[in-house]
Each structure stands twice: as C-alpha cells, then as structure tokens.
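The values are calculated or read from the model by the stated rules, or taken from the named source; none is laboratory data. Model, not experiment: these values are computed from the prediction. Cβ sites come from the backbone with ideal geometry, for glycine too, and all protein chains shown count toward neighbours. Accessible surface areas use protein heavy atoms only, side chains included; no ligands, DNA or RNA. Shrake-Rupley method; radii C 1.70, N 1.55, O 1.52, S 1.80 Å.
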Amino acid sequence: FNDAGRAIARARQMIAEGVDIIDIGAESTRPYGGQQPVGEDEEIDRLRPVLKAAADLGTPVSIDTMKARVARFALDHGAAILNDVWGLQRDPDMASDAAEYHVPVVAMHNRSEVDARIDIMQDIAGFFARTLDIADRAGIARENIVLDPGIGFGKTAEQSLMALARLSELRVFGCPLLVGASRK
C-alpha cells in the first residue's frame, strides 16, 4: 500500500474486520532478501501522509521500524506501539527512546544469516535474554515487552516450524508472545 489513500482505506477495512492493532512500516523487512534499504528521511517521508490519519481512526498503531529516529517520529505522530524486528539490538538508541515514550515494545528475534546447523531455540533464548537486558538497562518496564520469535526471519522453514512447536519454552521470560507469519 504505497499510496496513502489506499493505505488508509485498507486500515479502515482492517478495523471493520475487527483488528486490534494496525502495524505500519515504510521499509520492507522481507525475511527472504531482495528488499532495498531505505534511509531514515525516506522512511519518514513515506510515513508522513499515512501515520496520523491511521492513528486518528482510533485503533492503536504499531510502528514497524528498526531505526530509532523513525520510531521517534512515529511515536510523536500517533503510533502507540514500537515493533522492532531486531529486538532493540540493531539501533543503540531504540531502547532508550522506547523507555522515554513508555510504549509497549514488540521485540522480534532475527538473525543476519540463516544457519540450519544451530539450535534455533537456544539462539532465540539467548537473543531474548540480551534484548531483556538492554530493555532493563534502558528502563523499559517488563510489562511493556512482547516477544516475537520472528517466524521466517533468519531461519530455515524447519527452524520456523520448530520455533512454533516449542513456543511454550519462551514462557520462561515472563512476557507475552506474539507470532506473526509474514504474507511475503
């Protein structure tokens, strides 16, 4: 939905269909490669015509970004949730900004490269432990953190299925879990 009018129309349709949250992003985080990196200014320019209009619809808006500057812009313009596909580990300012805004944070597990040889659950657990340490040091309340195992992101199909089958192991972190399966 690269056109602002179509994006808002889709948001209205989603609300009519009963969604609880609208997740908006202006840079592809496609897990299988091929996406083009987008600079902060361009990402903000893409969000500008959509974000406030979507937030004004009354359903909470989540900003899907891995860049703190973009997150700050979005949170200043109506976003109520931060969805970071790098679990507070890519941009060093993301955690402190999330703490400053006191917003819920969806912290997704991700890997730069797929490695079929690793124990994916051990990798996810280690990643989340680091994320929660970063969040704690930044002052993000534990009750504001949602963990996402990142189905399809930096994982083989088999590893994604393993993560789904073993989701209960992630309860040890004491955070709600979110599982999003990409349509891409």
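Return one whole number: the accessible area per residue of the chain in Å², for a 1.4 Å probe.
52
Near the amide H of Val106, under 5 Å away, which other amide H atoms are found, from residues 5 or more places off or on another chain, if H is placed in the peptide plane?
Those lying under 5 Å, H to H, from Val106 are Leu82, Asn83, Asp84, Val146.
Could you grab the relative contact order for the chain? Cα pairs under 8 Å, six or more apart, rounded to a whole percent.
17
Measure off, as a whole percent, the carbon and sulfur share of the 1.4 Å-probe accessible area of the range 4-109, all protein chains present.
Of the solvent-accessible surface of the range 4-109, carbon and sulfur hold 48 percent.
Which residue fluctuates most in the GNM of the chain (Cα springs below 10 Å): Pro92, Pro60, Pro37?
Its mean-square fluctuation being the largest, the pick is Pro37.
In a Debye calculation with equal point scatterers on the alpha-carbon sites of the range 67-126 and no solvent, what is log10 I(q)/I(0) at q = 0.31 Å⁻¹?
Here the Debye-derived log intensity ratios amount to -1.35.
When the Karplus curve 6.51 cos²θ - 1.76 cosθ + 1.60 is applied with θ = phi - 60°, which whole-Hz ³J(HN,Hα) does each residue of the range 167-181 get, with x for Gly and Pro?
Values per residue, Gly and Pro as x: 3, 4, 5, 7, 5, 4, 7, x, 10, x, 10, 10, 10, x, 9 Hz.
Roughly speaking, what is the centre-to-centre gap between the range 127-142 and the range 76-125 when only Cα atoms are used, to the nearest Å?
10
At a 1.4 Å probe radius, which order do Met108, Met14 fall into by accessible area, largest first?
Met14, Met108
Under the Kirkwood approximation applied to all pairs of distinct alpha-carbon atoms, what is the hydrodynamic radius of the range 60-184 in Å?
For the range 60-184, inverting the mean 1/r across all distinct Cα pairs yields 14.5 Å.
What does the extension gain come out to for Arg12 and Glu100, with contour length at 0.36 nm per residue minus their alpha carbon separation?
28.7 nm
Run the 1.4 Å probe and let me know the accessible area of Asp93, rounded to the nearest 10 Å².
Answer for Asp93: close to 80 Å² accessible.
Considering only DSSP states other than H, G, I, E and B, which GluC sites (Glu not before Pro) in the range 99-178 qualify as loop sites with at most 14 other Cβ atoms within 10 Å?
Glu113
Could you order Lys67, Lys52, Lys155 by accessible surface area, starting with the largest, using a probe radius of 1.4 Å?
Most to least solvent-accessible, the answer reads Lys52, Lys67, Lys155.
So what are the three principal axis dimensions of the range 4-113 from its Cα atoms, in whole Å, longest to shortest?
Cα spread of the range 4-113 along its principal axes, largest to smallest: 37, 34, 26 Å.
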